[in-house]
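Okay, structure first, notes after.
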Amino acid sequence: SHDFLNSYIYPFLALRGPYPSDLEKKDPALERLFRLKGIFYVRPQDVEMHLEGTPVRYLLAKNGLSDVGIGTFEKELYEATRVYNAIKNLPPQLKEKVSLFLNSENTILGIRTLFNYSTYENQMKFLSLISVYAEKNLALEFDVDLIDLNENIDILYEKLNAELKKLNIDDIIKGRFPEILSVNMDYNLKSIRISFYPDIELSKMFDRINTINDFESLRSYYFEVLKKASEYYTFTDRIEKKLNAIYTKQFNHLVSRQLERLAKEMSYISDFFALEKYKNSAVEKGWEMSFSKEAISKVEQLFERRKAELRQKKLNEIKEVLKGIGHRNELLAYWEEVKTYLKINKAGLGKDYMVLVARLFDDILSKI
């Protein structure tokens, strides 16, 4: 059925041209353009007859498309008429180049999607640009790849249409693409690949995020990328989602490095008061740098770990001294020294620790 042909066969017919039957057609280039546009039932001759007043039903029957339905045929005829008028209104020198390009053996990937997001004027400008560029570079039979360009077409089409609208005929004749488009030609692969330059630019900006090594620069750069994206894209949600993922990964990497640095610096602190002051400062800076609650918790865990190390170190020291004490007066003198230490560091040591140390002295005293 024509539904099957329309869904599975016809879409591939227009990718490569010309066709064996083109010699019998009045305008093979326009015929191909119709197929590229997704117009499968209407031919250029049908448009011309329609413009001369031929009834639609007659055209439908003449082409043996009664099972297609008049609604579908009329819809294609309307679209075909607009394409017909657009290409007929091209300046002669551009129309000739477009015809030459469309009649060459090349493949054009993704142009239908691009056309769906472009005005008719801009469709013809874009097609003219490709045609002129291909001829100037002796690449009429090179394949044209617009897949990359279409990746974000739904959020960049307004910018693309605005840039194409600015082009005048001199720009097109010179093959001068808008600056937001990147054109790469590969003579080995015989291909012309056209991409949206901001996609490439943002991709490079995303890569640079992984090289930023401080939180303030990372945060500033994040907003710089967002601002750049808003200059080109209609909606930035998708870009922002991708950016957030890359930003979060690098941010967490910096957090891990910061925690390693904090742990190293804490290892040099042996005073509980200084340690507490250092922790409070680190936590405050963490909040200022937008650390997550989990990251702040890890800072506090580092602090608690260092406190435990200091407690254990002092406890081992006390035990070692007590082993060498054999007289009561010597023990009481050492107790006064330790007691002073316990009072000064009471907040960092805790009540249980102080009780434990006191029991160690009681045990020794009972044995003397």
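Under 1.5 on a/c is rounded, so check that first for the stretch 121-212, then, if it is not, pick prolate when a/b is larger than b/c and oblate when it is not; a ≥ b ≥ c are the square roots of the alpha carbon gyration tensor eigenvalues.
The shape class here is oblate.
Taking only Cα atoms, what is the 0 to 90° angle, nearest 10, from helix 153-166's long axis to the longest principal axis of the chain?
With rounding to tens, the tilt is 60 degrees.
Once fully extended, how much extra length lies between Ser66 and Asp237, figured as 0.36 nm per residue of separation less the alpha-carbon to alpha-carbon distance?
57.0 nm
Please check: in the Gaussian network model of the chain (C-alpha springs, under 10 Å), which one of Lys279, Lys323, Lys227 has the largest mean-square fluctuation.
Maximum fluctuation in the GNM of the chain, among the listed residues, is at Lys323.
Translational diffusion coefficient of the stretch 224-368 at 4 °C, 1.567 mPa s, Stokes-Einstein with Kirkwood Rh over Cα pairs, in µm²/s as a whole number.
It comes out at roughly 68 µm²/s.
Over 20 Å between Cα atoms: which of Lys97/Lys174; Lys37/Lys95; Lys165/Lys241; Lys314/Lys343; Lys264/Lys285; Lys279/Lys339 fall into that group?
As for pairs spanning more than 20 Å Cα to Cα, those are Lys165/Lys241; Lys279/Lys339.
Per residue of the chain, what 222 nm ellipticity follows from adding -39500 (n - 2.57) for every DSSP H run with n ≥ 4, rounded to the nearest 500?
About -21500 deg cm²/dmol.
Could you let me know the centre-to-centre spacing of the stretch 223-282 and the stretch 84-102, using Cα atoms, in angstrom?
What the calculation gives is 56 Å, centre to centre.
In degrees between 0 and 90, to the nearest 10, how far off the longest principal axis of the chain does helix 197-209 point, with axes built from Cα atoms?
Once rounded, the angle reads 10 degrees.
Just subtract the alpha-carbon distance of Ser290 and Glu179 from 0.36 nm times their residue separation and send over the number in nm, one decimal.
Between Ser290 and Glu179, full extension yields 36.2 nm more.
Among Lys62, Lys242, Lys88, which one shows the biggest mean-square fluctuation in a GNM of the chain, springs joining Cα atoms closer than 10 Å?
Lys62
Build a GNM of the chain with springs between Cα atoms under 10 Å: which of His50, His327, His253 gets the top mean-square fluctuation?
His327
Take the alpha carbon gyration tensor of the chain, find the square roots of its eigenvalues, order them as a ≥ b ≥ c, and report rounded if a/c is under 1.5; if not, report prolate when a/b exceeds b/c, else oblate. Let's see the in-between values first.
Working: a/c = 5.07, a/b = 4.00, b/c = 1.27.
In terms of gyration-tensor shape, prolate.
Which GluC sites (Glu not before Pro) does the stretch 87-138 hold that lie in a coil by DSSP with at most 13 other beta carbons within 10 Å?
Passing sites in the stretch 87-138 are Glu105.
Rounded to the nearest 5, what % of DSSP beta bridges with both residues in the chain are antiparallel?
60 percent
Please label the shape of the stretch 80-122 as rounded, prolate or oblate, based on the square roots a ≥ b ≥ c of the eigenvalues of the alpha-carbon gyration tensor (a/c under 1.5 means rounded; beyond that, a/b larger than b/c means prolate, else oblate).
oblate
At Asp214 and Lys339, where each label point lies 7 Å from the Cα along Cα→Cβ, what is the point-to-point distance in nanometres?
The answer from the label model is 5.1 nm.
Taking 45 Å as R0, compute the FRET efficiency from the Cβ-Cβ separation of Asn137 and Thr81 and round it to 0.05.
Details: r = 33 Å, r/R0 = 0.74.
E between Asn137 and Thr81, to the nearest 0.05, is 0.85.
Helix 92-102 versus the longest principal axis of the chain: what is the Cα-based angle in degrees, 0 to 90, to the nearest 10?
Tilt of helix 92-102: around 70 degrees.
Once label points are set 7 Å from the Cα along Cα→Cβ at both Ser281 and Glu330, what is their separation, rounded to one decimal in nm?
In this crude label model, Ser281 to Glu330 measures out at 4.2 nm.
Extension gain Gln301-Arg57, at 0.36 nm per residue separation less the Cα-Cα distance, in nm?
Full-extension gain reported as 79.7 nm.
None of the figures in this text is laboratory data; all of them are computed from the coordinates on show. As the structure is a prediction and not an experimental result, all values here were calculated from the model. For neighbour counting, all protein chains shown are included, and Cβ atoms are generated from backbone atoms with ideal geometry for every residue, glycine included.
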